[in-house]
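Before any comments, here is the structure.
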Amino acid sequence: METDVYRKKQEKIPRNVRNRRRRHAALQLVYLERKKQKQFLSTVHFVKSAHKKVRKDELTNKDKRDQIKTWKDEEIAQNPLGHGMASKLSEKDPIRFPSLPVALTSELNGSKDNGNVNVPLRRVKPKGNLLEERVYSLRDRKLLTDVKKSRR
């Protein structure tokens, strides 16, 4: 109640001032509408120019991608995947490089002479697991990923 006592009484604003304020508010609304319209038109223009720029960039990127693809195709044609891999790995680390999984001539059954070097290929016996070796070969040539060696 005490706040009501101290509240200042609003002064009465003359009619011409109220009308002027009303006209000014209406003009402000018109001005804001025009401003919004201009902003919208500028965004439309920006979208068109941005679209042209994006199309131009896509064309240049497409040309670059095509050039890179031709380079890669030429590289693969000259050096197919896995080509010379065994020799490179054997030069890099000859101790850990796996040799071919076949039996030695001295291990072959039916060999009359253990020192016989001219053993026919029919007698060569593979060792190891063919599927496992194939998977490791694919992994080494980077044609297959996420293969972990099983611990035996």
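The values are calculated or read from the model by the stated rules, or taken from the named source; none is laboratory data. All of these numbers come straight from a predicted model, not from anything done at the bench. Positions of Cβ are generated from backbone atoms using ideal geometry, with glycine treated the same way; all protein chains shown enter the neighbour counts. Each accessible area value is taken on the protein alone, full model and side chains, heavy atoms only, with ligands, DNA and RNA left out. Shrake-Rupley method; radii C 1.70, N 1.55, O 1.52, S 1.80 Å.
Applying a threshold of 24 Å to the alpha-carbon distances of Lys69/Lys92; Lys36/Lys56; Lys92/Lys142 flags Lys69/Lys92; Lys36/Lys56 as lying beyond it.
In this structure the range 7-101 gives 103 Å² per residue of accessible area when probed at 1.4 Å with all protein chains present. Can you pull the percent of the range 34-78's accessible area that's carbon plus sulfur, 1.4 Å probe, other chains left in place? Ligands and nucleic acids excluded, carbon and sulfur reach 59 percent.
Of the trypsin sites (Lys or Arg not before Pro) in the range 1-91, the ones in a loop by DSSP (not H, G, I, E or B) with at most 16 other beta carbons within 10 Å are Arg7, Lys8, Lys9, Lys12.
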